[in-house]
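K.L.:
Next up is a structure, given as structure tokens.
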Amino acid sequence: MTSRSKLSVVPPFLTPTNMSTIAQAEQLDVQDPLASFRAFFQHEPNTIYLDGNSLGKLPIQAKKDIANAVDKQWGENLIRSWNDHWLDLPKRLEQKLALLLGAKATELKVGESTSTNLYKVIHALLSSNLTAKSLLTDSLNFPSDVYVMEGLAKQFDCKPPTIVAYVHDLKADLPLLKAEIKKQPGIVCLSLVSYKSAWLYPMKSLNEFAEQHNSIIVWDLSHAVGVVDINLAESKIKIALGCTYKFLNGGPGSPAFLFIQEELITELHSPIQGWFGHKRPFDFSLSYEPSDGIGRFDAGTPQVLSLVAMEAGLDLTLKAGIDAIRKKSMMQTSYLVELIQEKLTPLGFIIETPMNPEERGSHITLAHPESWRVCKALIIGKGDGVKIIPDFRPPQYLRLGIAPIYTRYIDLFKSIERIEHIILSQEYLEIDTEKPTVT
Ligand SMILES: Cc1ncc(COP(=O)(O)O)c(C=O)c1O
């Protein structure tokens, strides 16, 4: 992603004469420089968790931090905790996120959800003179982003967003995307790592292209942050946002973040003029004066308990180092691809993720007509009793998410063996096709 940590080639793990073995997976774990980080997370016994790209695991430190915030800071110290602990909390997290993302802390804000931040920032762009009032996205983007843009188009009485559609979910057709940007310059919203295929856009060159064509790309980093070595300054990102509950292990519903490049901040105004976005909120003035900094995008009281919960995961990511995490992610996705090619391709599974590790994030997507029933069989866990938790995305994608900070090679080996068994033994035929609300 950046020049910081190019892992040019991942050498093959398997060759025609060297088939995968459990011993090899164990050996890879022994050699793993990040292996010790697994101990910092809570693990359910007999469960392999491959859903880190929907909800990361619980850092043990987060439990202690939450208990302290509830018992001591809230329970005992009450209102005094605002001055003693809580007012500085978002700032501290912003400093840490800035280190992770190669930005200035003053360009980052934590809080609210990705969808809300996207709404605010696109509203601000549509209200500014920075770009034409034209909205563009593509079919690889996350639905919520598209919904937000559609809603804003109605509100601003402008044309609905153009959704550049590709023949295939695997990757964007870059010449087509660029042609569309050229045709209708304005606001473009893209997900850096596609939630479907894990395709990773060439962020810097697209930003340069957008700039040449009077456009601003708003990047959704949700599936990239914590596993891709993003450098916002080097990649010439103007605006970005994302979730922290996936690879940053911030907890369910943990606060999202918003990045706005320094020079743009004062050009943009939040649609919600709340007191926390005021220059001097505790003056209680009845006239609104936006903060000079990115704090102008704050609205109300920060979500203290959720902010407390997200700090431990962020600390662990910084401690492990994003370069080491990205390197392991590329190695583990490559290992997984090789296991799939050996055991699952002959059974009709198709890899819907780019083969080049530089072009993908940290999940591997498989397409198979029986993906849903395979997914459910993995979660129920027959066989040797181990439950495996991947996730399913329509129409027929099984996503295997790798969180290098705690995923082991042995987890990947056992998961692929289990999928092979579910198909070969026809165990999937025992599973009904009904789907729960959260998949
Ligand atoms: C890429 C992407 N963008 C946006 C969202 C929505 O985030 P939020 O629920 O914080 O609004 C998600 C949720 O999974 C996502 O994966």
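The values are calculated or read from the model by the stated rules, or taken from the named source; none is laboratory data. As the structure is a prediction and not an experimental result, all values here were calculated from the model. When we count neighbours, we look across all protein chains shown, and the Cβ atoms used for this are built from the backbone with ideal geometry, even at glycine.
K.L.:
Has segment 165-173 got any residue that is under 23 Å from L366 (Cα atoms) and outside any loop (DSSP other than H, G, I, E, B)?
P.N.:
no
K.L.:
Right, something else. I'd like to check something: does segment 69-80 contain any residue that is touching a Gly at 6+ places or on another chain (Cβ under 8 Å) and surrounded by 20 or more Cβ atoms within 10 Å (Cβ to Cβ)?
P.N.:
No, segment 69-80 has no match at all.
K.L.:
Pairs please, first residue from segment 105-123 and small (G, A, S), second anywhere and within 12 Å of the ligand (Cβ to nearest atom), Cβ atoms under 6 Å, 6+ apart in sequence or on different chains.
P.N.:
The qualifying pairs are G111/P255; S113/A256; S115/S144; S115/V148.
K.L.:
Same structure, new question: Kindly provide the set of residues from segment 366-397 that are over 30 Å from G321 (Cβ atoms) and of a type in the set (A, V, I, L, M), ordered by number.
P.N.:
If the condition is that a residue be over 30 Å from G321 (Cβ atoms) and of a type in the set (A, V, I, L, M), then A367, V374, A377, L378, I379, I380, V386 are the ones that fit.
K.L.:
So, in segment 103-136, exactly how many residues are within 14 Å of the ligand (Cβ to nearest atom), of a type in the set (A, V, I, L, M) and outside any helix (DSSP H, G or I)?
P.N.:
Number satisfying all stated conditions: 1.
K.L.:
Of the numbered conditions (1) within 15 Å of the ligand (Cβ to nearest atom); (2) of a type in the set (G, A, S); (3) crowded, with 24+ Cβ neighbours inside 10 Å, S306 satisfies every one except a single condition; which is it?
P.N.:
(3)
K.L.:
Looking at segment 88-103 only, could you name the residues that are surrounded by fewer than 16 Cβ atoms within 10 Å (Cβ to Cβ) and in contact with a helix residue (DSSP H, G or I) (Cβ under 9 Å, 6 or more places away or on another chain)?
P.N.:
Listed by number, the residues that qualify are K91, R92, Q95, L99.
K.L.:
Pick out the one residue from S139, S144, S197 that is within 16 Å of the ligand (Cβ to nearest atom), within 26 Å of T317 (Cα to Cα), of a type in the set (S, T, Y) and touching a residue at least 12 places away in the same chain (Cβ under 8 Å).
P.N.:
When all the criteria are applied, what remains is S197.
K.L.:
A further question follows. Which condition number does S205 fail, the rest of (1) farther than 18 Å from L232 by Cβ; (2) more than 11 Å from the ligand (Cβ to nearest atom) being met?
P.N.:
Going through (1) farther than 18 Å from L232 by Cβ; (2) more than 11 Å from the ligand (Cβ to nearest atom) one by one, S205 breaks only (1).
K.L.:
S144 fails exactly one of the following numbered conditions: (1) buried (at least 17 other Cβ atoms within 10 Å of the Cβ); (2) at pLDDT 95 or above. What is the number of that condition?
P.N.:
It fails just one condition, (1).
K.L.:
For residues that are part of a helix (DSSP H, G or I) and more than 18 Å from F257 (Cβ to Cβ), tally how many sit in segment 137-147.
P.N.:
Count: 3.
K.L.:
Is it the case that K154 is out of contact with any strand residue (DSSP E or B) (no Cβ under 6 Å at 6 or more places or on another chain), of a type in the set (D, E, K, R) and closer than 28 Å to E208 by Cβ?
P.N.:
no
K.L.:
Also, quick follow-up: Take segment 147-157 and flag every residue that is more than 16 Å from the ligand (Cβ to nearest atom) and either at pLDDT below 95 or among the aliphatic types (A, V, I, L, M) (or both).
P.N.:
Result: A153, single match.
K.L.:
Return the only residue of D432, D391, D411, D384 being closer than 27 Å to L200 by Cβ and modelled with pLDDT under 95.
P.N.:
D391 is the lone residue from the list that is closer than 27 Å to L200 by Cβ and modelled with pLDDT under 95.
K.L.:
For segment 73-102, give me each residue that is free of Cβ contacts under 8 Å to residues at least 12 places away in the same chain, assigned to a loop (DSSP other than H, G, I, E, B) and of a type outside the set (S, T, N, Q).
P.N.:
Within segment 73-102, L78, I79, L87, D88 meet the criteria.
K.L.:
Report, ordered by the first and then the second residue, all pairs with beta carbons closer than 8 Å, sequence separation of six or more or different chains, a first member in segment 410-439 that is without any contact (Cβ under 8 Å) to a residue 40 or more places away in the chain, and a second member that is surrounded by 15 or more Cβ atoms within 10 Å (Cβ to Cβ) and not in a helix (DSSP H, G or I).
P.N.:
Taking only residues 6 or more apart or on different chains, the pairs are H421/G383.
K.L.:
Taking the stated definitions as given, is L89 under 17 Å from the mean Cα position of the chain (by Cα) and more than 16 Å from the ligand (Cβ to nearest atom)?
P.N.:
Answer is no for this residue.
K.L.:
A follow-up question, please. Restricting the search to segment 228-258, which residues are touching a residue at least 40 places away in the same chain (Cβ under 8 Å), on the phi > 0 side of the Ramachandran plot and surrounded by fewer than 23 Cβ atoms within 10 Å (Cβ to Cβ)?
P.N.:
Selection gives G253 alone.
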